[in-house]
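The structure appears right after this line, and notes come after that.
The values are calculated or read from the model by the stated rules, or taken from the named source; none is laboratory data. Every value quoted in this text rests on a predicted model; they were computed, and no experiment measured them. We work out accessible area using only protein heavy atoms, side chains counted, and drop any ligands, DNA or RNA first. Shrake-Rupley method; radii C 1.70, N 1.55, O 1.52, S 1.80 Å.
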Amino acid sequence: MIPHMARLHPAGKPDAASEDALHELQQAVKRYELIFQATNDVLYDLDLVNASVEWNEALYTQYGYGRDELNGTLEWWTSHVHPDDAFLLENKVSELFESGTHSWHCDYRFRRADGTYCYVRDRGLLQRDTAGRPARIIGSLLDITAQKQLDLAKDEFISLVSHQLRTPLTIIRVYGEMLTGGMSGALSIEQAQWVRNMTNSSSRLIDVVGAILNVSRLDLGRIRITSSPRDMRVLVQGCIKEVLPLAEEKQVLVGFSPPRRFPKVGLDETIFTQIVHNLLTNAIRYTRPQQGRIDVKLETRRDGYVLSVHDNGIGIPPDAEEHIFERFYRAKNAVGMEAQGSGLGLYLIKVMCDAFGGKVWFETGKGTVFYVLIPKRGMIPTGQ
Ligand code: ADP
């Protein structure tokens, strides 16, 4: 069972030191065997060189498999992963192999013996051989089906509530716009201003409800990130066009000189445009009227593609820097300048970047530059 034991028994009588060593080794093996048996979690020892797996008892008791149904191959394992999660799993594994890290985790659906699926949280540690090649993963599968079901119920509840809020809010806005558009007769200057205030407030509320919905979905890991080749220059230009009315209202200039050559990058268009949109609207909002200048850039770097949005606005105070990506956080100078804001925009960007394997950071002083890195291989798609 333990091949190296033999080496501790050279021909002849073992001396006291080697007897002690043998005893210690036997204890260690015993401990390892007990841990392997005692836990309720499924434990595995995956030999990547031979593509073989050793499971503990919990695999049979928890998922209902008989010993004769398993052949101890990696192929058996992967063929029991839900087909919709296979791509996610593959991506996470190649990410682990390519990175310098050792620990790994991934949530996916795993088939029980009765054909139903449960959610498992797979956590493991990678061992490499002396040449640095991945050799072995030891880890555990924790059944998180109950937690996932709870998350799903919470998500459905939030979707329902936000839908119920958004519908009447949109109706208020539409009627307000009809009134200011003179569709039921001319309004006095004061009436028009009041109705505009109402419609602006309902627009903001619609945005906040949308942001809360997005945050809760992201928190639950339920935003699906897809990836297909896109020209970032075109998408950035589209976003700038969308925010121009806001910039013109504040007389803020927005400059963007797209690079002449830029490769198509694997992106989720909705996620990317949401990030650019949030950064641009922040840059406009936190820049003083009539003096504002915003520069948007796209660059290729060693580790990926970087979008930057540079403004000459109010900057981020030193005491706020470490909190800026926290949810609902707003710096004092921002609250003083722009009363409206949810403190969710940057949090959303951060969670999205983490989800697709990217990065967001900033530099501040006189004005602020926000940077977003999209990895060289594009956004890494995620499953549910
Ligand atoms: P919101 O803008 O709705 O408050 P965000 O999450 O987008 O929420 O931003 C969080 C905070 O980060 C802002 O309240 C502000 O303090 C700061 N901030 C974001 N962008 C900028 C910027 N371009 N210049 C200065 N401060 C910024």
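Here is how the numbers come out for the structure above:
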{"quantity": "Sulfur and carbon atoms: percent of accessible area, the chain [1.4 Å]", "calculated": "54"}
{"quantity": "Relative contact order, percent, the stretch 16-143 [alpha-carbon distance under 8 Å, six or more residues apart]", "calculated": "24"}
{"quantity": "Alpha-carbon Debye profile of the chain, log10 I(q)/I(0) at 0.06, 0.12, 0.14 Å⁻¹", "calculated": "-0.37, -1.06, -1.27"}
{"quantity": "Sum of -39500 (n - 2.57) over DSSP H runs of 4+, divided by residues of the chain (222 nm, nearest 500)", "calculated": "-15000 deg cm²/dmol"}
{"quantity": "Principal-axis tilt of helix 189-219 within the chain, Cα atoms, nearest 10 degrees", "calculated": "10"}
{"quantity": "Under 12 Å from the Cα of LYS297 - aspartates and glutamates, other chains or at least 8 residues apart", "calculated": "ASP311"}
{"quantity": "From the C-alpha gyration tensor of the stretch 16-143, square roots of 5λ in Å", "calculated": "28, 21, 12"}
{"quantity": "Percentage relative contact order, the chain, counting C-alpha pairs under 8 Å, at least six apart", "calculated": "11"}
{"quantity": "Accessible area per residue in Å² at 1.4 Å probe, computed on the chain", "calculated": "57"}
{"quantity": "Net length gained if the chain between ARG224 and THR167 were fully extended (0.36 nm per residue, minus Cα distance)", "calculated": "18.1 nm"}
{"quantity": "Percentage of interatomic Cα-Cα distances in the stretch 228-383 larger than 22 Å", "calculated": "38"}
{"quantity": "Gaussian network model of the chain, Cα within-10 Å springs - most flexible of LYS92, LYS241, LYS297", "calculated": "LYS241"}
{"quantity": "Exceeding the 25 Å Cα-Cα cut-off - candidates LYS92/LYS376; LYS154/LYS332; LYS92/LYS350; LYS241/LYS264", "calculated": "LYS154/LYS332"}
{"quantity": "Relative contact order (percent, whole number), the stretch 197-339, Cα cutoff 8 Å, 6+ residue spacing", "calculated": "20"}
